[in-house]
Each structure stands twice: as C-alpha cells, then as structure tokens.
Amino acid sequence: MVESTDALVELVPCAAMLYSGAGEIIAANRAFCELAGYAREELLCRQLGAVVGAGAETAADAPALASITTKHGHTVQCEVTRKRIALDGGEQWLALFHKSCAQSDSELILHAIDEGFILLDRDFRIQRINDKALRIDGRPRDELLGKTHWEAWPVTEHLPIGEAYRKAMRERKPAIIEQLYTHKPQELWMEARVFPVENGLAVFFRDITQRKQAERRVQESEARFRTIADAIPQIVWSARPDGFHDYFNHQWYEHTGMPEEAAQGDAWVGLFHPDDVPLMQERWQRSLATGEPYEVENRLRHRSGEYRWTLARALPVRDGDGGIVRWMGTSTDIHESMAMRAALRDTQSRLEAALAAAEIGTWAWDIKADRVHADRNLAAMLGIPPDIANGGPIDAYYAVLHQDDVAKVRASIDQSLASGEPYQESFRVPRGSLGLRYMQGRGIVVCGNGGQSPHMSGAVLDVTRQHLAEEALRSSELTFRTLADNIPQLAWMADSSGHIFWYNNRWFEYTGTTLEQMEGWGWTKVHHPEHVERVVALYRQKIVEEQQVWEDTFPLLGADGSYRWFLSRAMPIRDEHGRVVRWLGTNTDITLQRDAEQRKDDFLALLAHELRNPLAPISTASQLLKTGGASPDYIERSTGIIDRQVKHMSELVDDLMDVSRVTRGMVAIEKEEVSVAEIVNRAVEQVRPLIEARRQHLVQDDVAAGLAVLGDDTRLVQVLANLLNNAAKYTQQGGRILLTVQARDGQVVLSVADNGIGMDAELLPRVFELFAQAELTPDRHGGGLGLGLALVKSIVALHGGQASAASPGRGKGSTFTVTLPLLQRDSAARPQHIVLVDRVGDDGALPAARETARGLHRTRS
C-alpha cells in the first residue's frame with residue numbers, strides 16, 4: 001500500500017506532499033524533495049509544521065500562500081492547494097505546491113551565495129540584504145532595511161569605502177575596494193565589489209580578515225628572512241620551482257656590483273666564468289628535474305673584474321604533499337680555500353720526494369738546564385730556527401707541535417721522567433704551506449753520573465708517508481665500495497680460483513640474499529635451472545682454466561620471484577707479473593633491451609606482411625589489364641584497385657615516416673587557438689564511415705561552448721580520430737563507443753570508451769609504445785602496424801598534455817583518455833598536417849574481377 005501511495009504522489013506533475021490528519025508527512029514526490037532540499041527518507045514521519053509554515057491548513061481546494069523552510073534554512077514562498085482524501089482508516093491531505101512568483105530565482109540565488117549582498121538606492125538606503133550579509137553583520141534584517149549605509153555602518157561614511165560608493169554612484173562605474181574597519185568591537189577586513197544598477201548600487205562583499213592576516217604574517221616573515229639573509233656573510237638566493245631566480249640578498253649585489261633590477265631570471269649566468277657555465281647549468285637542470293640537492297664549485301666575477309671561486313649549494317623547499325615550492329641556495333666564497341688546495345697539491349708532490357729519504361732526527365735534553373739540542377734533520381723536520389735547535393727550551397719545541405697534541409706529548413714525557421720508562425708518543429707538526437707532518441717520538445731517561453745532571457735522549461721519525469698511505473688506502477677502499485654500491489649493475493669480486501668473496505649492495509637488493517648464502521659458488525642458487533649448468537661450465541672454462549675475459553647472458557632470480565636477463569662480464573686483475581690476483585665482475589640488466597629487440601623483430605615481420613598484402617591485388621589487377629578483352633568496367637575497377645592499394649602502401653610508409661619524425665622530435669607543433677568542439681566534430685567525421693560499416697553505436701557528449709586549446713588543429717584531430725579508430729577496430733560489430741568531453745581544473749579531458757575486447761593488465765603499461773597491439777578478433781578488419789597510439793602519446797606530449805589507458809580486463813572494454821591544458825589566450829600558432837590512414841581492403845574484389853575476365857561468374861551473398 002505504501003509503495004502504491006508513493007507511486008501515485010510521484011505522478012503529480014508539481015511539487016506534492018501527502019500528510020495525515022495529524023500533520024505527519026506520509027509521502028513526497030521528487031519535485032517537492034528538490035524544492036525543500038531533503039531526501040525522501042528525511043521527510044517521512046516529520047511533522048508538517050517543521051517543513052511548511054502557515055498556509056498549509058487552509059480550506060480544501062482554496063489556494064493560499066505558504067512558506068517552505070529548506071534543509072539549509074532558506075525560505076521558499078509557494079502557493080499551496082490542499083485536496084482532502086477520505087479513507088476508511090481516517091482522512092489524509094494532498095498538498096500541491098507551486099513556487100510563488102513573489103520570490104524569484106534570482107533572490108534565491110542571492111540568499112544561496114557565499115557572499116554578503118546589499119542593494120542600495122540612490123540615497124544609499126538599504127533595499128535588499130541577503131542572509132550571508134546578515135550573518136556577517138550579526139543583526140536581523142528589519143534593523144537594517146530602510147536605513148542608509150551610513151546609518152547602518154556609521155564609520156564607513158568617512159572611510160575610503162564610502163568615497164568608493166559615492167564615486168561609483170556618481171560616475172556609474174564598477175569599483176573594487178578592500179577596507180579595514182572596527183565592528184563589534186573587532187577589526188574586520190572587507191572586500192567590496194560595487195556595481196551600478198538602474199536605481200542605485202549592488203554591493204557584494206566578503207570577510208577577508210583571515211587572508212589579510214595571513215598576508216601580514218607572510219610580509220613579516222619575508223622581512224625577517226631578508227634581514228637574516230642580509231646579515232650572513234654568504235650570498236643567499238632563491239628560485240621558483242621552474243628555476244627562475246627571483247631573489248638575491250645584499251651580499252650578491254655588493255659582490256657583483258649588479259643593479260637589483262637586472263638580477264632576476266637568467267641574468268646571473270653572465271657573471272660566471274664561461275668555462276664553468278655548462279657544468280652549472282647541467283647540474284641545475286638535473287636538480288630541477290629530480291629534486292636532488294644542487295652543489296657546484298664555480299668562479300663568480302667580482303665587481304673588480306676578478307673571478308673568485310664560490311661553492312654554490314641549493315636545497316628544495318617542499319610543501320606538505322612533498323611538492324617543491326621553492327629552491328633556497330647560498331654561494332660561499334672559497335677562493336682562499338681553493339688556493340690552499342692548489343698549494344696543497346703542489347706541496348704533496350714535494351713532500352713525497354722528501355719522505356723517500358726516510359728522515360730521522362735526533363735530540364738531547366738537559367733536563368736541569370732545560371736546553372734541548374736538535375740535529376739538522378730534526379730542525380728541518382720541525383721547522384725550528386738554528387737558535388732554537390742549538391739549545392732552546394723544551395717549551396719552544398712544544399710550541400711547534402700541533403696545539404691539540406701538546407698536552408699528550410707533555411704528559412707522556414712527564415710520565416717517562418717520573419717512572420724512568422722509555423718515552424714514545426705520536427704527534428703532528430704544522431708546517432705552514434707544507435701541511436701537517438706526522439711524527440713518532442721516542443726517548444729514554446739517562447740518570448746523571450759523576451756529577452752530571454740527568455738528561456733525556458731520543459729520536460723523531462717522520463711517518464708522514466706511512467700515515468698518508470694508510471689514509472689513502474682507507475679512502476680508496478671507501479671510494480671503491482661507494483662507487484660499486486651506487487652503480488646500476490650488480491657487481492662482485494672473486495679470487496684467482498673463481499671463488500666469489502664480495503658482492504655489492506645491488507646484488508643483495510635484487511636477489512634478496514646474504515653474503516653467507518652467496519659466498520663461493522652459492523650464486524648458482526639464483527640461476528635458472530635450465531641455464532645454470534651451461535653458465536657454470538663456461539665460467540669454469542674462462543675464469544678457472546683459461547683465465548680469460550668471461551662474458552655470458554642468462555636469467556637471474558630476483559627477490560620478487562621473477563627472472564630477469566643479465567649480460568655478465570668478468571675482467572681479470574693482474575699483478576706486475578701478469579698473474580691473476582682477483583676477478584671483478586658485473587651483471588647488467590638487459591631485460592628491456594631483449595624485449596625491445598623482440599618487439600622490433602615482431603614489427604618487422606608485421607611490416608613485411610602489411611607491405612606484401614597490397615601486392616596480390618595489384619598483381620591480379622595488372623593481369624586483368626593485360627587481357628585485351630577485359631570490359632571497360634573491369635578496366636576501371638582494376639585501375640581503381642591498383643590506385644587504392646598503391647595509396648595504401650604509400651600511407652603505410654608515410655605512417656612510418658611520421659612516427660619517426662614525431663618520436664625523434666623533428667616535427668614542430670605550430671600552435672593556435674583550436675575549438676574543442678571543432679576537433680571532436682572533425683574526428684568523428686573521419687571515423688564515422690568505419691563505425692557505420694561495423695554497425696557500431698557512437699554516443700558523444702555535447703561539447704560546452706567556448707572550450708578551446710592552444711595547439712595544432714590537424715594533429716589534435718588526428719589524436720582523437722586515432723582513438724576512435726582504435727575503439728572501432730577493437731570493438732565487435734554492433735558494439736558501443738562513448739566519447740565524452742569534460743573541462744575541469746584548467747584542463748579539457750577527452751575520453752573514448754568502448755565495450756570491446758579490452759586489454760590484459762600486462763598490455764596496459766606498454767599500450768602507447770611503438771608496435772604494441774592486442775590480438776585481432778575475427779571480425780576486426782586489419783590490425784595495422786601498431787603506430788596509432790604511439791602517435792597519440794607523442795602528439796599529446798608535444799601539446800603539454802597526457803594520454804592514459806584503462807581496462808578492467810579482457811572482454812570488458814577499454815577507456816583511452818587525453819588531457820590537454822585549456823587555452824591561455826596569449827599565443828597563436830600555425831598548423832601542420834599529419835595524414836593518418838586506414839587500410840582499404842580490395843582483396844575481396846579481385847577474385848570476382850579475375851574470374852569475370854576469364855568468363856566465369858560468382859554470386860555474392
């Protein structure tokens with residue numbers, strides 16, 4: 001019964017509601033729900049008075065005015081007529097509602113907008129005010145209507161906003177103004193937009209206090225940043241996410257002498273040494289592309305004209321989502337440091353020659369007299385003058401030691417004097433431009449005999465070469481392991497017998513194994529069972545027996561359980577006598593290369609097939625032409641066949657050339673304003689014959705007027721036509737193709753969906769690659785070369801857009817989507833043209849023509 005009642009109320013052609021004699025809502029149709037803003041379920045069992053005001057209780061069949069309170073609190077004036085329905089179980093009332101003309105759609109809109117609105121007459125009296133304005137002000141409507149703006153808000157009359165209102169009224173021109181004023185007793189920022197109307201002014205306003213406070217905080221933060229940036233000694237700069245330099249601190253202008261107005265953008269490039277610019281730009285572009293920190297040493301021209309070395313560094317500043325919003329960088333003067341490095345490199349070469357002599361210096365210390373005598377070698381090693389070397393105090397020797405080593409050397413000597421034990425200590429001696437020298441001091445305490453005072457004798461060994469060699473070894477080992485762990489290949493080392501004792505981290509990351517599992521010959525565990533025996537045999541032959549370069553190709557098992565193909569090589573490392581001391585091997589992933597080679601082979605086979613297909617009808621047609629007795633009709637048909645097939649072959653070659661030019665970036669897109677509707681219409685026009693021939697149903701959206709993009713119209717038509725053509729080919733006869741066009745977020749989204757054969761998940765990632773194709777269905781005529789979608793992706797990319805594909809699986813249809821930026825009307829372009837073709841089949845026409853020429857007949861069904 002309830003369902004029957006609902007159905008009857010739904011049939012009423014206006015907004016209608018059924019309620020009981022007790023005022024409980026029993027049913028409401030869709031029109032009433034839309035008018036009141038409620039879902040049907042939310043109205044059921046509510047009391048009539050909660051939704052409809054006075055007027056709903058009038059006499060039957062007598063129209064009256066009533067107000068409906070919507071779910072969102074708005075009031076809708078309606079004309080209501082009641083119909084009494086007598087039932088055995090009691091009476092019910094059917095109320096029919098018609099929106100009152102007294103409340104126009106425009107007034108409803110004004111109450112619904114999220115901005116304050118007031119209508120002023122020519123005396124600035126308030127004629128109308130919407131709900132949002134009342135919420136901002138906090139007073140009821142009857143306190144404001146009829147008052148002048150200056151009476152309602154007295155402080156505004158003498159503020160700039162008051163002058164703006166008067167000027168707009170006087171000159172009848174729109175105005176926009178931001179005003180700060182005090183209201184209850186809070187400071188508010190308001191943005192008012194004033195529009196002259198027939199009898200006064202229409203004013204839209206909104207509270208922008210939070211925005212202005214945020215702007216003030218940003219300004220204060222910017223001022224603090226600039227103060228700090230100007231206070232530090234380094235050059236500080238910032239750039240936008242696209243690399244545009246928009247800020248330099250005071251030190252930049254002080255160093256370079258460049259005026260502030262000429263510093264932004266790429267002007268800074270001209271201040272660096274020309275030899276340094278290519279590397280700087282390469283690393284900067286890489287950082288912009290990858291988000292990696294930027295660091296480079298370069299020479300920046302000083303205002304004096306001298307180039308000084310600087311170290312430039314920059315880090316990305318990211319938002320909460322990880323996106324880069326700015327780059328902050330510094331440039332530090334390292335000119336003296338670079339000079340020291342150069343001096344150090346020069347000194348190191350001279351130091352190596354001195355270390356070859358294995359210098360050893362001797363000394364003797366008269367403890368009581370505190371006089372130390374050093375020989376010439378020690379004096380040279382310590383860099384002390386002759387007067388100190390010939391009996392200077394021990395503190396003078398301490399003075400030449402590295403300040404960090406003085407305490408430990410003094411303590412060691414004091415301990416030796418107290419205990420009588422030999423002295424031994426290592427220390428450093430700074431030698432200015434020669435750098436630090438590393439020494440090892442040794443000595444013994446000799447007690448005085450026969451009236452001699454105690455003294456201490458010893459020697460100093462220069463161990464700088466040994467120390468540097470140890471440091472270099474550690475550094476070399478660290479460098480090798482860092483390099484090996486960061487190359488993309490898997491790497492390993494084996495001893496001369498082929499026993500592998502080290503792998504880089506890439507190996508363990510890929511295989512998911514440990515060194516304990518892989519050491520020795522454990523690597524055979526990750527080889528494919530069908531290849532491992534062959535691989536081990538060749539490995540033993542080349543590495544263990546012949547000790548020659550080893551190279552092989554085989555699959556390796558990854559941690560994810562799948563196999564990937566690797567090209568593996570091992571080179572012997574030999575000593576000075578030519579003996580192999582170890583092997584260094586790498587494994588390079590060539591899976592993608594093998595796949596590409598396979599696709600290329602498949603494409604060549606397909607291309608050969610596609611180019612040979614037209615030859616048969618051409619050959620047959622030419623034979624027909626050779627028969628002198630052929631009728632004019634068959635001559636015309638034969639020449640038509642030859643013409644179409646030659647054209648088809650030419651188009652295949654043109655397609656190949658077109659793809660080659662686009663994918664190699666040799667085609668320039670000349671852009672101009674293009675109507676999206678025009679693109680859709682032309683593309684549909686091109687493909688419609690194929691769709692109609694396959695008796696398919698094309699459903700397309702109406703394109704919103706005014707949608708336009710900046711691009712090459714011919715190529716954009718080609719993109720959409722390719723997608724429609726692709727959908728038609730892979731959709732069964734009688735299938736459905738849906739073409740939709742939407743505009744959102746500054747983009748136009750064109751989508752072609754079908755209910756055809758769909759795609760497996762493994763095809764989706766490479767569907768836009770060259771030569772990628774799904775399997776042909778029995779009713780699909782001609783598979784083509786698999787170039788269309790590759791062209792789509794390349795052309796869309798040249799227009800700054802994106803192409804994507806989706807399919808829930810085989811037999812469930814596919815959806816191809818192209819997203820292009822909507823037009824920013826500041827540029828134009830000249831069109832280019834790419835001709836895309838579909839194959840015309842003449843094979844079926846030739847046998848009949850040939851048989852007719854021979855006097856035979858065939859009946860076509």
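Among the residues of the range 228-238, is there at least one that is surrounded by fewer than 16 Cβ atoms within 10 Å (Cβ to Cβ) and among the hydroxyl-bearing types (Ser, Thr, Tyr)? Break it down stepwise before answering.
Our first condition is that a residue be surrounded by fewer than 16 Cβ atoms within 10 Å (Cβ to Cβ); within the range 228-238, this holds for 228, 230-233.
With among the hydroxyl-bearing types (Ser, Thr, Tyr) added as a condition, the list becomes none.
Looking for residues that are surrounded by fewer than 16 Cβ atoms within 10 Å (Cβ to Cβ) and among the hydroxyl-bearing types (Ser, Thr, Tyr), one finds none in the range 228-238, hence no.
Consider the range 504-549. How many of its residues are at pLDDT below 90 and of a type in the set (Ser, Thr, Tyr)?
Matching residues across the range 504-549 total 0.
Which one of these does Glu530 not meet: (1) within 28 Å of Thr482 (Cβ to Cβ); (2) free of Cβ contacts under 8 Å to residues at least 24 places away in the same chain; (3) not small (Gly, Ala, Ser)?
(1)
Got a sec? Which of Arg644, Arg664 is open to solvent by 30 Å² or more (accessible area, probe 1.4 Å), at pLDDT 70 or above and not aliphatic (A, V, I, L, M)? Give the derivation first.
Numbers: Arg664 fails: at pLDDT 70 or above.
None of the others qualify; the one that does is Arg644.
Looking only at the range 573-582, which residues are open to solvent by 90 Å² or more (accessible area, probe 1.4 Å) and part of a strand (DSSP E or B)? Working first, answer last.
Filtering the range 573-582 for residues open to solvent by 90 Å² or more (accessible area, probe 1.4 Å) gives 574, 576-577, 579, 582.
Across the range 573-582, the qualifying residues are Arg574, Arg582.
Output the residues belonging to the range 239-256 that are open to solvent by 20 Å² or more (accessible area, probe 1.4 Å), at pLDDT 85 or above and not in a helix (DSSP H, G or I).
Hits for the range 239-256 are Arg240, Pro241, Asp242, Phe244.
Are any of the residues in the range 214-226 in contact (Cβ under 8 Å) with a residue 24 or more places away in the chain and surrounded by 13 or more Cβ atoms within 10 Å (Cβ to Cβ)?
Let us first name the residues in the range 214-226 that are in contact (Cβ under 8 Å) with a residue 24 or more places away in the chain, namely none.
No, because not a single residue in the range 214-226 is in contact (Cβ under 8 Å) with a residue 24 or more places away in the chain and surrounded by 13 or more Cβ atoms within 10 Å (Cβ to Cβ).
Looking only at the range 745-759, count how many residues are part of a loop (DSSP other than H, G, I, E, B) and of a type in the set (Asp, Glu). Talk me through it step by step, then tell me what you get.
Step one: list which residues in the range 745-759 are part of a loop (DSSP other than H, G, I, E, B), which gives 745-746, 755-759.
Within this subset, residues satisfying the condition of being of a type in the set (Asp, Glu) are 745.
Matching residues across the range 745-759 total 1.
Can you give me the number of residues within the range 173-199 that are open to solvent by less than 30 Å² (accessible area, probe 1.4 Å) and either on the phi > 0 side of the Ramachandran plot or of a type in the set (D, E, K, R) (or both)?
The number of residues fulfilling the criteria is 1.
Is it fair to say Arg206 is open to solvent by 40 Å² or more (accessible area, probe 1.4 Å), on the phi > 0 side of the Ramachandran plot and touching a residue at least 24 places away in the same chain (Cβ under 8 Å)? Write out each step before concluding.
On the way: open to solvent by 40 Å² or more (accessible area, probe 1.4 Å): yes; on the phi > 0 side of the Ramachandran plot: no; touching a residue at least 24 places away in the same chain (Cβ under 8 Å): yes.
No: the conditions fail for Arg206.
Output the number of the condition that Ser331 fails; it satisfies all remaining conditions of (1) touching a residue at least 24 places away in the same chain (Cβ under 8 Å); (2) assigned to a loop (DSSP other than H, G, I, E, B).
(2)
If I go through the range 288-327 residue by residue, how many of them are assigned to a helix (DSSP H, G or I) and either within 25 Å of Glu254 (Cβ to Cβ) or touching a residue at least 40 places away in the same chain (Cβ under 8 Å) (or both)? Let's see the steps before the verdict.
Looking only at the range 288-327, we keep the residues that are assigned to a helix (DSSP H, G or I), and these are 288-290.
Next, only the ones that are either within 25 Å of Glu254 (Cβ to Cβ) or touching a residue at least 40 places away in the same chain (Cβ under 8 Å) (or both) stay: 288.
Number satisfying all stated conditions: 1.
This table checks each residue for (1) open to solvent by less than 60 Å² (accessible area, probe 1.4 Å); (2) modelled with pLDDT of 90 or more; (3) part of a helix (DSSP H, G or I).
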site	(1), (2), (3)
Trp565	no, yes, no
Met571	no, yes, no
Asn587	yes, yes, no
Asp595	no, no, yes
Phe603	yes, no, yes
Leu607	yes, no, yes
Leu611	yes, no, yes
Thr620	yes, no, yes
Leu625	no, no, yes
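For the range 97-112, what are the residues that are modelled with pLDDT of 75 or more, surrounded by fewer than 20 Cβ atoms within 10 Å (Cβ to Cβ) and hydrophobic (A, V, I, L, M, F, W, C)?
If we filter the range 97-112 for residues that are modelled with pLDDT of 75 or more, which is where we start, we get 97-98.
With surrounded by fewer than 20 Cβ atoms within 10 Å (Cβ to Cβ) added as a condition, the list becomes 98.
Those that are modelled with pLDDT of 75 or more, surrounded by fewer than 20 Cβ atoms within 10 Å (Cβ to Cβ) and hydrophobic (A, V, I, L, M, F, W, C): none in the range 97-112.
Do you know which residues across the range 490-509 are open to solvent by 40 Å² or more (accessible area, probe 1.4 Å) and either over 20 Å from Thr588 (Cβ atoms) or not hydrophobic (A, V, I, L, M, F, W, C) (or both)?
Residues of the range 490-509 that are open to solvent by 40 Å² or more (accessible area, probe 1.4 Å), as a first pass: 495-497, 499, 501, 505-506, 508-509.
Residues satisfying the conditions are Asp495, Ser496, Ser497, His499, Phe501, Asn505, Arg506, Glu509.
Got a number for residues in the range 262-304 being open to solvent by less than 20 Å² (accessible area, probe 1.4 Å), over 26 Å from Ala339 (Cβ atoms) and among the aliphatic types (A, V, I, L, M)?
The number of residues fulfilling the criteria is 1.
So the check is Cβ under 9 Å with 6+ separation or different chains; which pairs have a first residue in the range 241-260 that's on the phi > 0 side of the Ramachandran plot and touching a residue at least 12 places away in the same chain (Cβ under 8 Å) and a second one that's crowded, with 16+ Cβ neighbours inside 10 Å and in a helix (DSSP H, G or I)?
Once the first residue is on the phi > 0 side of the Ramachandran plot and touching a residue at least 12 places away in the same chain (Cβ under 8 Å) and sits in the range 241-260, its partners that are crowded, with 16+ Cβ neighbours inside 10 Å and in a helix (DSSP H, G or I) give Gly243/Trp284; Gly243/Ser287; Gly243/Leu288.
Would you please list the contacts, defined by Cβ atoms under 9 Å and residues six or more apart or on different chains, that run from a residue in the range 454-479 that is among the acidic types (Asp, Glu) to a residue that is open to solvent by 60 Å² or more (accessible area, probe 1.4 Å) and modelled with pLDDT of 85 or more?
Hits for this filter: Asp462/Ile360; Asp462/Asn377.
For the range 500-521, does any single residue satisfy the condition of being in contact with a helix residue (DSSP H, G or I) (Cβ under 9 Å, 6 or more places away or on another chain), assigned to a loop (DSSP other than H, G, I, E, B) and under 20 Å from Arg582 (Cα atoms)?
yes
Taking only pairs six or more apart or across chains, which ones have beta-carbon atoms under 8 Å, a first residue in the range 409-421 that is among the hydroxyl-bearing types (Ser, Thr, Tyr), and a second residue that is at pLDDT 90 or above and part of a loop (DSSP other than H, G, I, E, B)?
What qualifies is Ser416/Pro422.
Report every pair of residues separated by at least 6 positions or lying on different chains whose Cβ atoms are under 9 Å apart, first residue within the range 377-396 and on the phi > 0 side of the Ramachandran plot, second open to solvent by less than 20 Å² (accessible area, probe 1.4 Å).
What qualifies is Gly383/Val429; Gly383/Arg437; Gly391/Val372.
What number of residues within the range 259-284 satisfy the criterion of being of a type outside the set (Gly, Ala, Ser) and farther than 20 Å from His335 by Cα? Give the steps one after another, and end with the answer.
If we filter the range 259-284 for residues that are of a type outside the set (Gly, Ala, Ser), which is where we start, we get 259-261, 264, 266, 268-269, 271-284.
Applying the additional criterion that residues be farther than 20 Å from His335 by Cα yields 259-261, 264, 266, 278, 281-284.
Qualifying residue count, the range 259-284: 10.
Residue pairs, Cβ under 8 Å, 6 or more apart or interchain, first in the range 38-51 and open to solvent by 40 Å² or more (accessible area, probe 1.4 Å), second charged (D, E, K, R). List them.
Hits for this filter: Arg40/Arg30; Glu42/Lys71; Cys45/Glu24; Arg46/Glu24; Gln47/Glu24.
Please determine whether any residue of the range 436-447 is touching a Gly at 6+ places or on another chain (Cβ under 9 Å) and exposed (fewer than 11 other Cβ atoms within 10 Å of the Cβ).
yes
The values are calculated or read from the model by the stated rules, or taken from the named source; none is laboratory data. What you see is a predicted model, and the numbers here were worked out from it, not measured in a lab. When we count neighbours, we look across all protein chains shown, and the Cβ atoms used for this are built from the backbone with ideal geometry, even at glycine. Heavy atoms of the whole protein, side chains included, go into the accessibility calculation; ligands, DNA and RNA do not. Shrake-Rupley method; radii C 1.70, N 1.55, O 1.52, S 1.80 Å.
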